[in-house]
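The values are calculated or read from the model by the stated rules, or taken from the named source; none is laboratory data. Computed from a prediction, not measured in an experiment: that's the story for all the values here. Cβ: placed from backbone, ideal geometry, glycine included. Neighbour counts: every protein chain shown. The accessibility values were calculated without ligands, DNA or RNA, using every heavy atom of the protein model including side chains. Shrake-Rupley method; radii C 1.70, N 1.55, O 1.52, S 1.80 Å.
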Amino acid sequence: MPAITPSFRRLAVLSLVLASAGISFAAISAEVRTIKIATAAESKPLSWGAIGHEPQGYEPEVLKAVNAKLPQYKFVMVGAADIAQETGLATGKYDMATGGFYKAPARSKQFLIPESPMGASLMKIYSRTESNINGIKDLVGKNIVPVTAGGGVYKFVTQWQQENPDYKVNIKASSAGIPYPDRLKEVQNGKYDALILPSNLGEQTVIDNQKLAIKASEPVSINNTYVLIHKSDENKALNDDVNKALKALKEDGTLDKLSQKWFGEDVVKYMK
């Protein structure tokens, strides 16, 4: 029998220590994979941060919490314009993308999407505090702030109208990129009666900071928001890992804490 050398003994002892901790040599020697992520550049407080600046907001902080649970990856976030996010993801320029994305058949076919959502988009109606507007039916005969043609709000109201033909809600489509803080002011000064928007854009912060006499309705539509992942065999494991991490962050209260911090409300309770 060959002699057992001191170096072999040390290796054997190290193996036992690692095994007891649930760690393998393969795990130690495995390289940390860098994951390039496109985040929304101009959607404060959901996510913002131009090129050269570290992204901030709810989604970047959720991504940091996910990365903390997945040391086998190094997340590198880059702010990108909305139109560039999905294009870059499809081509493989980015491994992941976040931007308040809804799950849709076309996206599910094109990308990998973890089953666990990272947040929820709550569609609300903003009107003057003395108004009697509390739901979509209350918008009949009202002057509503024009919405982006083909956007989520336009699709929602159009779909609602089709399902409720007895109520005529007059909504106009517009390509004008007027900031929503200015739109809130237009509601307050009476130019419009109501504004429909997802509440994760920071409307309540604007209302509070500028002391606007504007109220928000209860959610009239709720959609989960998801991480999108470039579709490849290599990314199947990434998809599974991100899914497990997001599920854990919801269960341990991290998502609730971050939603309170950035949106001033608990969106987790609305996540389906």
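Computed from label points 7 Å out along Cα-Cβ, the spacing between residue 170 and residue 34 is 5.6 nm. Sites listed here are trypsin sites (Lys or Arg not before Pro) in segment 127-189 whose DSSP assignment is loop and whose Cβ has at most 14 other Cβ atoms within 10 Å: 168, 172.
Under the criterion of Cα pairs below 8 Å and six or more residues apart, the relative contact order for the chain equals 24 percent.
Taking a threshold of 21 Å on the Cα-Cα distance, which of the pairs 103/137; 44/74; 142/191; 124/261; 137/172; 69/93 fall above it? Intermediate results must be reported in sequence, preceding the final value.
Details: 103/137 27 Å; 44/74 24 Å; 142/191 11 Å; 124/261 19 Å; 137/172 17 Å; 69/93 24 Å.
Pairs exceeding 21 Å: 103/137; 44/74; 69/93.
Membrane-span-like helices in the chain (whole DSSP H runs, Cα extent of at least 18 Å along the helix axis, mean Kyte-Doolittle hydropathy of at least 1.0): 6-20. Hey, any idea what % of the chain's accessible area is carbon plus sulfur with a 1.4 Å probe? Roughly 54 percent, rounded to a whole number. What is the distance in Å between the Cα centres of segment 112-157 and segment 195-214? Using only Cα atoms, the two centres lie 13 Å from each other. Annotation: for a label point projected 7 angstrom from Cα along Cα→Cβ of residue 186, residues of segment 100-139 with backbone N closer than 19 Å are 124-129, 139.
Of the DSSP beta bridges with both residues in the chain, give the percent that are antiparallel, rounding to the nearest 5. Spell out each step's value before the answer.
Details: 20 of 34 bridges.
The antiparallel fraction comes to roughly 60 percent.
Each of residue 130 and residue 261 was given a label point 7 Å from its Cα along the Cα-to-Cβ line. The distance between the two points is 4.0 nm. Once phi is turned into θ = phi - 60°, what whole-Hz ³J(HN,Hα) does the Karplus curve with 6.51, -1.76 and 1.60 give for every residue of segment 119-125, x standing for Gly and Pro? Those phi angles translate into x, 8, 9, 9, 6, 10, 10 Hz.
Please pull out the direction-averaged projected area of the chain, using the convex hull of its alpha-carbon atoms, in nm² to one decimal place.
Working: hull surface 76.0 nm².
For the chain, the mean projected area of the Cα convex hull comes to 19.0 nm².
Any idea of the accessible area per residue across segment 115-244, 1.4 Å probe, to the nearest Å²? Don't skip to the end; give the middle numbers.
Values: 6380 Å² over 130 residues.
I get 49 Å² per residue for segment 115-244.
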